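The values are calculated or read from the model by the stated rules, or taken from the named source; none is laboratory data. Since the structure is predicted, the reported quantities are computational estimates derived from the model, not experimental observations. Here the Cβ positions follow ideal geometry from the backbone for every residue, glycine too, while neighbour counts run over all protein chains shown. The area values use the complete protein model at the heavy-atom level, side chains included, leaving out ligands, DNA and RNA. Shrake-Rupley method; radii C 1.70, N 1.55, O 1.52, S 1.80 Å.
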Amino acid sequence: MCLDVLIALLPLLLFSAVRYGMRPAVLVLAGMLTAAACETACCLMMKRVPTVTDGSALVTGGIVGMLVPPMAPYWLPVVGAAFAILVVKMPMGGSGRNLFNPAAAGAAVLTLCFSGTMFRYPDPGQNIPLPLTGSLAQVITESSPTAQMMSGGETLYSPIMLFLGDFPGPVGATAIAVLAACALYLFTRRSASPLITLSYLAACAGMATLFPRVTGTGNSVLLELCSGYLLFAGVFLLNDPVTAPRHWLGRLFYGLLAGVLVMLLRYYGRFEEGACFAVLLMNAFSPVIDRMSWYLLHFHRIRKGARSG
């Protein structure tokens, strides 16, 4: 499963590297190496067999790197990946035992502590590779669609521009057409649940329809779903097999509630994107959702059996 996720992340990284040069690749690699090194060090300190070979640490570091902007300093994914492993994953027992999605927690702490850096994006229309070293002061920046909607302004992005990723955003979250293909790949490999992702997107689309922040219902839905890392979170963060519900009905409720929560955080939150916080909150309620779903179906079967009897 971890290998499938890494394979799905690769085309997103290639897309960003073609647009911005090798700097996004270095950012993602820094997150992956940091996560692997931290997990190995923790296993050695706890006198356990290193679990880095299962690939989960590489996935965590890779996702953290995908959520930072292309012009982020190299220490940013390092801090996020280290927090994810050292604070969220390993103290809970390591692989398969974490209560919260480590990558979402890493993105959350970066958002809280370095929001000015996390939401500073280069203008994709410049078509100039970002420098690997030296100052980035000369790089032209542009507000993301989520920031423009948050400020109450109208956006000028066409559907083609959105699908082709021609707008500012995180390293791995702007290639919408590629993201959709990655989601399909993970669904066919059963490494992600379509129940979670599709119910999540349906809830987000419903909220965008009922409470649009831009003119036009279709434009509102398209901008909300494509901007920020809303779609990326629905594919890669919510489908973490450790923290997501296992029951099919629980997965449906999980995705619906996550979508509503993501949109509420967009409308009333402090930051332009709060999907990482929504994922963490849903992780906390995942066991309850799973248990309630099982009880509901079990109770329904009992009532159905009693009526037929």
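When the alpha carbon gyration tensor of segment 101-166 is reduced to an equivalent ellipsoid, its three semi-axes come out at 22, 20, 13 angstrom, largest first. Estimated translational diffusion coefficient (Stokes-Einstein, Kirkwood radius over Cα pairs, 37 °C, 0.692 mPa s) of segment 57-117: 290 µm² per second. The accessible-area ordering, largest first, of the residues Arg270, Arg189, Arg19 stands as Arg270, Arg189, Arg19, per a 1.4 angstrom probe.
All alpha carbon pair distances within the chain were sorted into 10 Å bins beginning at 0; the resulting P(r) in whole percents reads 6, 28, 35, 21, 7, 2, 1, 0.
Across the alpha-carbon atoms of segment 219-309, the computed radius of gyration and Dmax are 16.2, 56 angstrom.
Averaging Cα coordinates gives a centre for segment 1-45 and one for segment 132-164; these two points are 24 Å apart. Percent of alpha carbon pairs in segment 121-226 separated by more than 19 Å? The share of Cα pairs beyond 19 Å in segment 121-226 comes to 53 percent. Here Asp54 sits with roughly 70 square angstrom of accessible surface, probe radius 1.4 Å. Measuring only protein heavy atoms, the 1.4 Å probe finds Glu142 accessible over about 60 Å². Counting only whole DSSP H helices of the chain, the ones at least 24 Å long by C-alpha along their axis and with mean Kyte-Doolittle hydropathy no lower than 0.0 are 2-20, 23-45, 248-268, 275-308. Here the accessible area of the chain is 70 percent carbon and sulfur, with a 1.4 angstrom probe and all protein chains present. Considering helices alone, the calculated mean residue ellipticity of the chain at 222 nm is -19500 deg cm²/dmol, with DSSP H runs of length four and up weighted by -39500 (n - 2.57) and normalised per residue.
Every Cα-Cα pair of segment 1-90 was included, and the share exceeding 18 Å stands at 41 percent.
Taken along the Cα-to-beta-carbon direction at a fixed 7 Å, the label points for Leu210 and Thr133 span 5.4 nm.
Shape class for segment 6-58: oblate, because the ratio a/c of the largest to smallest gyration tensor axis (alpha-carbon atoms, square roots of eigenvalues) is 1.5 or more and b/c is at least a/b. Averaged per residue, segment 1-88 has 40 square angstrom of accessible surface, using a 1.4 angstrom probe with ligands and nucleic acids left out. Kirkwood analysis of the Cα pair distances in segment 24-163 returns a hydrodynamic radius of 16.3 Å. Using the Cβ of Leu249 as centre and a radius below 12 Å, the other residues enclosed give a net charge of +2, where K and R count +1 and D and E count -1. Each of Lys89, Lys47 has its accessible area taken with a 1.4 Å probe; listed largest first, they run Lys47, Lys89.
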